[in-house]
């Protein structure tokens, strides 16, 4: 049998042990503890400089192939004749409107190709005295995107005729 003094000391010790460990953590403390455990156990990466960790540009990882595309491949993709017809009509329309800083979208429903035509700079006088203007046209077909540069001159009745349309090259 225990004395009342030892009994109260035993209860005090029992209460103290009850406040130690995870069972004593209140809900807010439990959330903080779980966050700290998660951060502490999260993955880390290490850089290795040995031969096993080196990759060159030709290495492919996972199931996704390389994404690099040759600039010659992109510029070699030319629009079809029907795509060019839609781009020419859009160029003629936007040049006829004459709005400053405007663009005209176009889309070929047969091929799914699309783009827009934007006039560049101001009109100028061509070799034959006609009013001409340069433009830039975008061409998007699937994952392929390219740019075309062109020139158009005013013909009879205020309509614009496209004189050149070729792949755009940065100068």
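The values are calculated or read from the model by the stated rules, or taken from the named source; none is laboratory data. Note that the structure is a prediction, hence the values are computed from the model and not measured. Cβ atoms come from the backbone with ideal geometry, glycine included; neighbour counts cover every protein chain shown.
One line per residue, one yes/no per condition, for (1) over 24 Å from the mean Cα position of the chain (by Cα); (2) farther than 13 Å from residue 84 by Cα:
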site	(1), (2)
115	no, no
120	yes, yes
123	yes, yes
126	yes, yes
130	yes, yes
134	yes, yes
150	yes, no
Legend entry - Residue count, the stretch 102-121 (criterion: part of a loop (DSSP other than H, G, I, E, B), at pLDDT 90 or above and either buried (at least 16 other Cβ atoms within 10 Å of the Cβ) or touching a strand residue (DSSP E or B) at 6+ places or on another chain (Cβ under 9 Å) (or both)): 5
Inset, instruction - Being in contact with a helix residue (DSSP H, G or I) (Cβ under 9 Å, 6 or more places away or on another chain) and either outside any strand (DSSP E or B) or surrounded by fewer than 15 Cβ atoms within 10 Å (Cβ to Cβ) (or both) is the filter here, so list the residues in the stretch 122-152 that pass it. - result: 144, 145
Inset, instruction - Residue by residue through the stretch 122-162, note down the ones that are modelled with pLDDT under 85 and touching a strand residue (DSSP E or B) at 6+ places or on another chain (Cβ under 6 Å). - result: 126, 155
Legend entry - Total residues in the stretch 65-81, condition modelled with pLDDT of 50 or more and loosely packed, with under 13 Cβ neighbours inside 10 Å: 5
